[in-house]
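*Asks:* Below are the structure tokens for one structure; questions will follow.
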Amino acid sequence: MKKNTVRSVVFRLCMAALLAMAPAVHAQQLEPLPVPAVSTDTLMKHIVELASDSYQGRLSGTRGHERAMAYVERVLEGYGMKVEEQQFPIECNEIENCKFNIYTPGSKERRYFTLGNEFCCAGMTGRGYVDAQMVFVGYGVDNNIFDEYKGVDVQGKIAVVLTGTPEWLPGSVAENYTQLRDKARTAERHGAIGLLAINVSPSCLSYEPQCRIYCGELPHMATFPILQLTMDCGRELLSTESADLDAAMQAIASQRTCSFALLKKAEIDVNAIYRSRARTANVLARLEGSDRTLRREVIVVGASLDGPGLQGETTLFPGADINASGVAAVLEVARILSQSGYSPKRSVLFVLFSGGEQQWLGSREFIAQYSKLNNVEAFLNVQNIGGGDSLVVLGDNRYPTLWEICHSHDTAVFRHYMAVNAEKTNPRGDARAFDNHRIPSLVVTTLNGLQHNHVSSDIWENIDRSILTKASQLLLETAAELADGRYQGRSPKSKGNRYYHNY
């Protein structure tokens, strides 16, 4: 036998031996596991409960959120799982009431606005009373390439700004004026005593107050009131002034400043109870795997439990879609995997995060406190699945293998209900903390599903039951596949290296 022939035979024999010893093929190459169907009624039961008045919008650090924690703990314990809490401190601002009106000096008439109708407070507003003239300063930028405070005097006055930043402003400059605290601190440096922010975000209707808890980094501005007005309210504010809202925005879009003092004055009175270190916690429940070896490996399935909360006595942000829908999906996956007779080989850890409204603080706390991160083989996050026109699973850019597993179930069960875009996506929200530690992560959410983003109309009656059910089933199918053991899991290299992204 020739030398080359011998080498060829030896090579084929070695390859056959290696293939025999290789790990199982990826799960998406195998037939889908038989998994029961989720119950739409059970999903809706959880959403109706968590979006009800008794939970007061589930703001982290409040009694309403504590009640929500107690509810999900009772549900998970009812499924036979041991529940634990990861406690940590969180910034909490409970807004008891707020009054806001405008008037023209010398006139007896005042225009009174209603909390929850024309405006709401910024999540981290300061308390206090101010009565002063208003000055419009665009987006509140005071950089040397674009200074909207130049030529106007805001000393002892209330600054009126637009939310966000101009599209043409360089990112390195814009990042200093993105959040309301950034704008408020800039206004305070120029002598302002309060801030009115007109919400020009396209994610919200012009007549709906939109509440966001995260307002930027500390320190807290304890006696500096910050209100967020609807666009319609902003238009009324600037009517009969030097420029109306549309004209001002058009001028700024053309890279021209449009700052001016208003003839009108405003009276603002905010009563809020601020705690820099309120107590909150993540809720954890573990379903032990059936395989003696694989049970040490963990698949984490999680969603944020908290919401924007309650302002005053009547302005409730129920958070039915954001994110009671995601919590309901996690609870339903927990029910089926623990009670349907299905016995996953890997362990599954169900986590309901607190602090999602504050730059996903709960998921970062989970990563900081969980002692066995190297045992976590994947993370499935679910958020905002109660509306929209199709499913979206984020993370295919960073974790294409994991994404393909999820996509294979979409193909088998829903016949391509997932939206597949040419542009690859990375994990976001709670999944970022996991991604920072190279834990393969996906986010199950929806496309065009933010019609009720952080507004009072985010009620259970507006939940789309069809897409809720499809998203929950996809989450269940994928979680079951990953927990079965056929998924290969993380590489040793990913468990030894870490890299980080900005939140």
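*Asks:* I need to check one value: relative contact order of the chain, counting alpha carbon pairs closer than 8 Å and at least 6 residues apart, in percent.
*Replies:* Once normalised by length, the contact order is 21 percent.
*Asks:* While we're looking at this one, here's another question. Please compute, over every Cα-Cα pair in the chain, the percentage with a separation greater than 43 angstrom.
*Replies:* It works out to 25 percent of all Cα pairs.
*Asks:* Also, I was wondering about something else. At 222 nm, what helix-only mean residue ellipticity would the chain give, in deg cm²/dmol to the nearest 500, using -39500 (n - 2.57) for each DSSP H run of four or more?
*Replies:* -8500 deg cm²/dmol
*Asks:* Using the alpha-carbon atoms, what tilt in degrees (0 to 90, nearest 10) does helix 465-484 show relative to the longest principal axis of the chain?
*Replies:* 40
*Asks:* Follow-up question, since we're still on this one. Between 0 and 90 degrees, rounded to the nearest ten: what's the tilt of helix 63-78 against the longest Cα principal axis of the chain?
*Replies:* Approximately 20 degrees, to the nearest ten.
*Asks:* Among the chymotrypsin sites (Phe, Trp or Tyr not before Pro) within the range 312-360, which fall in a DSSP loop and have no more than 14 other Cβ atoms within 10 Å of their own Cβ?
*Replies:* Answer in residue order: no site qualifies.
*Asks:* To make sure I understand, if each residue's beta carbon is the centre and we count other beta carbons within 10 Å, what order do Tyr71, Tyr55, Tyr112, Tyr274 fall in, fewest to most?
*Replies:* Tyr112, Tyr274, Tyr71, Tyr55
*Asks:* Where does helix 180-189 land angle-wise versus the long Cα axis of the chain, in degrees 0 to 90, nearest 10?
*Replies:* Helix 180-189 sits roughly 40 degrees off the main axis of the chain.
*Asks:* While we're looking at this one, here's another question. Could you grab the Rg to Rh ratio for the range 307-450? Cα atoms only, Kirkwood for Rh.
*Replies:* That ratio equals 0.97.
*Asks:* Let me ask you something else. Can you work out ³J(HN,Hα) from phi for every residue in the range 361-378, in order, using Karplus 6.51 cos²θ - 1.76 cosθ + 1.60 and θ = phi - 60°, giving whole Hz and x for Gly and Pro?
*Replies:* Values, residue by residue: 4, x, 5, 5, 5, 4, 4, 5, 9, 6, 7, 10, 4, 5, 8, 7, 8, 6 Hz.
*Asks:* In the chain, what % of DSSP beta bridges are antiparallel (nearest 5)?
*Replies:* The answer is about 60 percent antiparallel.
*Asks:* Fewest Cβ neighbours within 10 Å first, please rank Lys157, Lys265, Lys99 accordingly.
*Replies:* Lys99, Lys265, Lys157
*Asks:* Scanning the chain for GluC sites (Glu not before Pro) in DSSP loops with at most 11 other Cβ atoms within 10 Å, what's the longest stretch left with none?
*Replies:* Longest gap between qualifying sites, sites excluded: 314-422.
*Asks:* So, one more: DSSP loop (so not H, G, I, E, B), at most 12 other Cβ within 10 Å: list which trypsin sites (Lys or Arg not before Pro) in the range 424-456 pass both filters.
*Replies:* Sparse-neighbourhood loop trypsin sites (Lys or Arg not before Pro): Lys424.
*Asks:* Arrange Ile252, Ile322 by Cβ neighbour counts within 10 Å, fewest through most, would you?
*Replies:* The order, fewest Cβ neighbours first, is Ile252, Ile322.
*Asks:* For the range 95-273, give me the percentage of DSSP beta bridges that are antiparallel, rounded to the nearest 5 percent.
*Replies:* 65
*Asks:* Hey, what's the Kirkwood Rh for the range 79-156 if you take every pair of different alpha carbons, in angstrom?
*Replies:* After inverting the pairwise mean of 1/r, the radius is 17.4 Å.
*Asks:* Take the cross-link list Lys108/Lys183; Lys345/Lys372; Lys82/Lys345; Lys345/Lys424; Lys183/Lys264 and give me the ones stretching past 26 Å between alpha-carbons.
*Replies:* Cα-Cα > 26 Å for Lys108/Lys183; Lys345/Lys424; rest within.
Each value in this text was obtained by applying a stated rule to the coordinates, not by laboratory testing. Computed from a prediction, not measured in an experiment: that's the story for all the values here. Positions of Cβ are backbone-derived with ideal geometry, glycine not excepted, and every protein chain shown enters the neighbour counts.
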